[in-house]
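Encoded as C-alpha cells, the structure appears first; notes follow it.
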Amino acid sequence: MKKFLCLLLFVQSSFLFSQQLEKVLPLNFKNTNDLFQVVEEDKKQVLLFFRDKNRVLTVKFNDKFEVLDSISSTRPPKNYDDIIGYSITNNKYYSYWSTPNNKEITTQCFDFDTKKVSLKTFNLDFEKEKPVKTITVNSIFYLITVVKSTSILNFYVFDDGNLTKKTVDLSTNRFLSYDTKTCTLWSLLNSDTGLDGSLSIQNISNDTPPSLTFSANKRKVYTNGNKLFFTFDNNKNFTQTVTINLNDFSAISKGYNQPYLLSVNYVEDESNSFYVNGKLIQMKLNENRLALSVKDMEGNELKTYEILKDKEVTFKNSDIIQENGSINKTRILDKSNQLLRKIYFEYPSMSCYYFNDIVYLTIGSVSLEKNGNGAMYGAMFGLAGVLIATAITSNYSIANLNSYKNRKVVYINCLFDKEFNHVDGEVNKLAFDKLRALSENKDDLISQSVFKFNSKLYFGGYDKQEKSYKFFSFTD
C-alpha cells in the first residue's frame with residue numbers, strides 16, 4: 001500500500017511538472033557548461049548562447065520556441081574565461097569576453113544577416129581605476145569603473161563593435177561614510193559590508209522578483225529607462241542615491257533620511273532600502289521595532305508602517321516563514337519578536353514586485369551562505385574589482401534563483417495597492433515561486449536559464465541523457 005501511494009504521488013508530481021513543459025529542443029552539444037540568453041520582446045524572439053571549452057552555439061527562437069536560425073563558432077582564446085555582457089545592433093549580437101584581470105575585452109559578433117562571426121579585442125588601462133559593474137541597458141553594454149581615491153566614474157560604452165569612454169565626475173557631490181564622515185565615492189564603494197564585498201554593486205532587474213539575498217546588499221543599481229539609479233545604504237541614517245542619465249552622462253545625487261527610530265541603549269540600528277516604480281522604500285530597525293517608510297523621489301513621505309516586538313504585524317499577508325536552505329525546508333514562526341530578532345541579527349532586506357496593480361512586498365533577512373562543513377562565508381571570499389559572469393542578465397536570473405541555497409531566510413509577505421495602502425487577502429503564488437519549487441526537483445538539468453518572455457516566466461535546462469534542452473513555462 002505504501003509503495004502504491006508513493007508511486008501515485010510520483011505520478012501526480014510528474015504530471016503536474018509535465019504540464020509546464022513548453023518545448024523540448026534536440027541538441028547534441030558536448031560538455032555544455034554555461035549559457036546566457038538575450039530576450040527581445042519587440043521582435044518576439046529569444047537567443048540562447050551555449051558555450052563549452054571549444055565553441056559557442058547561438059540559437060534564435062520565435063515566441064513559439066521554433067528555431068529560426070543558428071550560428072556556431074569557435075570560442076575566443078582560453079585566456080578569455082568569462083562572458084561579462086552583451087549588446088545588440090540590428091541583427092548583430094555581440095558577446096563580451098574578459099580576461100581575469102579585466103584589462104582585455106574581446107567582443108564576438110554573430111551577424112545573422114551575413115552568417116559570419118568576427119572577433120575584436122580592446123585593451124583597457126586600469127592602472128588607476130577598478131571595475132565595479134557591467135550592465136546592458138537598451139541593447140548597449142557598459143563597463144563601469146571608479147578611479148582610485150576619487151569620486152570619478154568611467155563608463156566604457158560598447159555599441160555596434162565600437163568602444164567610447166565617458167566620464168562622470170561626482171567630486172563636487174557629498175558622500176557620507178558609515179560613521180557619517182565626508183568621504184569619496186571610492187571609499188563608499190570600497191567598504192566591505194559583510195554580505196557584499198568591496199568594489200561591488202548589486203544590480204536589481206525586473207526579469208524576476210529580486211531575492212532577499214540580492215536586495216540585502218547595501219549598494220544596488222536599478223535601470224529606469226535610459227537612466228541608472230544607484231542606492232547606497234552604508235550609512236544607517238541615510239540612503240544616498242546617484243542618478244546617471246546614459247543619454248548625456250549627467251548625474252544627480254540626493255540623500256533620503258531613514259525613518260526615525262527611538263534609540264535603544266547600546267543597540268546599533270540596522271537599515272536598508274529598495275527602489276521600485278519611482279518610489280523609495282526604506283526600513284530601519286533594532287530588536288524591538290522596525291520602521292518602514294515609502295517616499296517619492298522628492299523625499300516626501302507617502303506611507304509609514306511599523307512592526308513592534310510585542311504586537312501582531314497588522315500589514316502582513318502571510319505567516320512568518322523561515323527557509324532553511326530550500327523552499328521545501330520551511331518552518332513557521334509564531335511571534336513578531338522572533339521576526340525582528342532574526343532580521344536584526346542577520347542581513348535585513350526588502351524585495352518588491354508589481355503585478356496587476358498590486359505591490360508584493362517581502363520583508364525579511366538572509367544569513368551568510370553556509371558551506372558543506374557548516375562554516376559561513378560571504379564577501380570575504382570575493383575578489384575586489386574583478387567582474388564575474390553573474391553580471392549578465394541571464395546569469396543574474398540564475399544567481400537570483402539559486403541565491404537562497406545554503407542560507408537561512410526569514411520573511412513575511414505583504415500586499416499593497418499602488419498608493420501603498422495595505423490590501424487584505426492571501427498572497428497568490430507567483431510564477432517565480434512555482435519556478436523555484438520545480439528547479440529544486442530538476443538537478444539533472446545543467447546549463448540552466450531563467451527569463452521572462454511574452455508574459456511568461458521560463459526555466460530551461462540541458463538534459464545530457466536525452467541530449468535535449470527543455471523549456472518549462474510559468475504564469476503568475
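The values are calculated or read from the model by the stated rules, or taken from the named source; none is laboratory data. A quick note: this is a predicted structure, and the numbers were derived from the prediction, not measured. Note: ideal-geometry Cβ built from the backbone for every residue, glycine included; neighbour counts use all protein chains shown.
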Task: Residue in region 375-394 that is modelled with pLDDT of 85 or more, on the phi < 0 side of the Ramachandran plot and surrounded by fewer than 20 Cβ atoms within 10 Å (Cβ to Cβ) present - done: no
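Hey, can you tell me all the residues within region 395-423 that are surrounded by fewer than 16 Cβ atoms within 10 Å (Cβ to Cβ) and touching a Leu at 6+ places or on another chain (Cβ under 8 Å)? Explain how you work it out, then say what you get.
Let us first name the residues in region 395-423 that are surrounded by fewer than 16 Cβ atoms within 10 Å (Cβ to Cβ), namely 405, 417-419, 421, 423.
Hits for region 395-423 are 419, 423.
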- [ ] Of the conditions (1) touching a Phe, Trp or Tyr at 6+ places or on another chain (Cβ under 7 Å); (2) within 20 Å of residue 347 (Cβ to Cβ); (3) of a type in the set (Ser, Thr, Tyr), residue 200 clears all except one; give me its number.
- [x] (1)
Open item on the list: Restricting to region 122-154, name every residue that is crowded, with 19+ Cβ neighbours inside 10 Å and of a type in the set (Phe, Trp, Tyr).
Closed with: 141, 142
Open item on the list: Residue under question is residue 274, and the condition is that it be among the aromatic types (Phe, Trp, Tyr) and touching a helix residue (DSSP H, G or I) at 6+ places or on another chain (Cβ under 6 Å); does it hold?
Closed with: yes
TODO: Run down 77, 100 and say which single residue is more than 22 Å from residue 446 (Cα to Cα) and either touching a residue at least 60 places away in the same chain (Cβ under 8 Å) or of a type in the set (D, E, K, R) (or both).
DONE: 100
Task: Unique residue being within 30 Å of residue 441 (Cβ to Cβ), basic (Lys, Arg) and within 24 Å of the chain's Cα centre (by Cα) when the list is 342, 284 - done: 342
Open item on the list: I'm told residue 72 meets every condition in (1) at pLDDT 85 or above; (2) part of a loop (DSSP other than H, G, I, E, B); (3) surrounded by fewer than 16 Cβ atoms within 10 Å (Cβ to Cβ) except one. Can you identify the failing condition by its number?
Closed with: (2)
- [ ] For residues that are buried (at least 17 other Cβ atoms within 10 Å of the Cβ) and in a strand (DSSP E or B), scanning just region 171-198, find the one that is farthest from the chain's Cα centre (by Cα).
- [x] 183
Task: Of all residues in region 260-281 being more than 25 Å from the chain's Cα centre (by Cα) and of a type in the set (D, E, K, R), the one that is surrounded by the fewest Cβ atoms within 10 Å (Cβ to Cβ) - done: 268
Open item on the list: Scan region 320-330 and tell me whether some residue there is surrounded by fewer than 17 Cβ atoms within 10 Å (Cβ to Cβ) and without any contact (Cβ under 8 Å) to a residue 24 or more places away in the chain.
Closed with: yes
Task: Residues that are exposed (fewer than 14 other Cβ atoms within 10 Å of the Cβ) and either part of a strand (DSSP E or B) or not hydroxyl-bearing (Ser, Thr, Tyr) (or both), drawn from region 305-318 - done: 310, 311, 312
Task: Candidates 152, 144 - the one that is farther than 16 Å from residue 97 by Cα and modelled with pLDDT of 95 or more - done: 152
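Listed here are the residues, each with its yes/no results for (1) outside any strand (DSSP E or B); (2) under 24 Å from the mean Cα position of the chain (by Cα).
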residue: 135; (1), (2): no, yes
residue: 143; (1), (2): no, yes
residue: 146; (1), (2): no, yes
residue: 150; (1), (2): yes, no
residue: 165; (1), (2): no, no
Task: Residues that are surrounded by fewer than 20 Cβ atoms within 10 Å (Cβ to Cβ) and either polar (S, T, N, Q) or free of Cβ contacts under 8 Å to residues at least 40 places away in the same chain (or both), drawn from region 223-240 - done: 223, 224, 225, 226, 227, 237
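Among the listed residues 69, 63, which satisfies the condition of being in contact with a Lys or Arg (Cβ under 8 Å, 6 or more places away or on another chain), touching a residue at least 60 places away in the same chain (Cβ under 8 Å) and closer than 26 Å to residue 24 by Cα?
Of 69, 63, the one residue that is in contact with a Lys or Arg (Cβ under 8 Å, 6 or more places away or on another chain), touching a residue at least 60 places away in the same chain (Cβ under 8 Å) and closer than 26 Å to residue 24 by Cα is 63.
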- [ ] Give region 199-215 a look and list any residue that's of a type in the set (Gly, Ala, Ser) and in a helix (DSSP H, G or I), or say none.
- [x] 215
Open item on the list: Tally up the residues in region 98-119 that are touching a strand residue (DSSP E or B) at 6+ places or on another chain (Cβ under 7 Å) and under 22 Å from residue 69 (Cβ atoms), please.
Closed with: 10
Open item on the list: Kindly evaluate residue 24 against the criterion of being touching a residue at least 60 places away in the same chain (Cβ under 8 Å) and surrounded by fewer than 17 Cβ atoms within 10 Å (Cβ to Cβ).
Closed with: yes
Task: Any hit, region 247-259, residues being surrounded by 16 or more Cβ atoms within 10 Å (Cβ to Cβ) and either touching a helix residue (DSSP H, G or I) at 6+ places or on another chain (Cβ under 7 Å) or β-branched (Val, Ile, Thr) (or both) - done: no
Open item on the list: Being under 21 Å from residue 359 (Cα atoms), touching a Leu at 6+ places or on another chain (Cβ under 7 Å) and of a type outside the set (Phe, Trp, Tyr) is the filter here; which residues of region 426-465 pass it?
Closed with: 427, 431, 435, 436, 457
Open item on the list: Which count do you get for residues in region 263-301 that are part of a loop (DSSP other than H, G, I, E, B), over 15 Å from residue 344 (Cα atoms) and not small (Gly, Ala, Ser)?
Closed with: 5
Open item on the list: Among the residues of region 107-114, are any buried (at least 22 other Cβ atoms within 10 Å of the Cβ), within 26 Å of the chain's Cα centre (by Cα), in a strand (DSSP E or B) and at pLDDT 95 or above?
Closed with: yes
